[in-house]
Amino acid sequence: MTESLVDRFLLLRRGPDGIDGTADDLPLKSPEDARVALGFSAEQFKQLNGLVGLGDRVFRIVSVGKSGGATRVVQMVVCRMNNVPQLITWKEL
């Protein structure tokens, strides 16, 4: 799993309009749907067992702030462990 593959998957999941949470989003109803969308073989996907699923504990958070003419974007991936968020990645774009 690479960062570019995750970014590509997230773009694909958003659907043609490129916006999360709209009617044209790619419907993921099972881990198998995610496997196909990622382009993994069954054997490759098996290596991710326990890391990919629906109702997962891993969340991607994007925060956009604007002040005057400046815009800053922070993207984080966090995992909820025992209801405590654990930071996995932090990227300032």
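The values are calculated or read from the model by the stated rules, or taken from the named source; none is laboratory data. Note that the coordinates shown come from a computational prediction; the quantities given were computed from them, not determined experimentally. FYI the Cβ positions are ideal-geometry reconstructions off the backbone, even for glycines, and counts take in every protein chain you see. In case anyone asks, the SASA skips ligands and DNA or RNA and just uses the protein heavy atoms, side chains included. Shrake-Rupley method; radii C 1.70, N 1.55, O 1.52, S 1.80 Å.
Worth pointing out:
- Based on Cα contacts under 8 Å between residues 6+ apart, the chain shows a relative contact order of 15 percent.
- Per residue, the accessible area of the chain comes to 74 Å² when a 1.4 Å probe rolls over the protein heavy atoms.
- Reach of Lys46 by Cα under 14 Å, taken over aspartates and glutamates that are not fewer than 8 positions away in the same chain: Glu32, Asp33
- Charge dipole magnitude, Cβ of K and R +1, D and E -1 - segment 41-93, Cα centre, debye nearest 20: 160 debye
- Once exposed loop trypsin sites (Lys or Arg not before Pro) are cut out (DSSP; at most 14 other Cβ, 10 Å), longest piece of the chain: 58-93
- Overall, the chain carries a charge dipole of about 280 debye about its Cα centre when +1 sits on the Cβ of Lys and Arg and -1 on the Cβ of Asp and Glu, all other atoms neutral.
- Considering only Gln44, Leu87, Gln75, and ranking their Cα positions along the charge dipole of the chain that arises from unit charges at the beta-carbon of Lys, Arg, Asp and Glu, the one farthest toward the positive end is Leu87.
- Computed from backbone phi, the HN-Hα couplings of segment 31-43 come to x, 4, 4, 5, 4, 5, 5, 6, x, 8, 6, 4, 5 Hz, rounded to whole numbers (Karplus: 6.51 cos²θ - 1.76 cosθ + 1.60, θ = phi - 60°; Gly and Pro given as x).
- Correct option for Cα extents along the principal axes in Å [calculated from the coordinates] among (i) 49, 35, 22; (ii) 62, 30, 20; (iii) 46, 41, 20: (i)
- Sparsely packed GluC sites (Glu not before Pro) within segment 28-93, loop by DSSP, other Cβ within 10 Å at most 10: none
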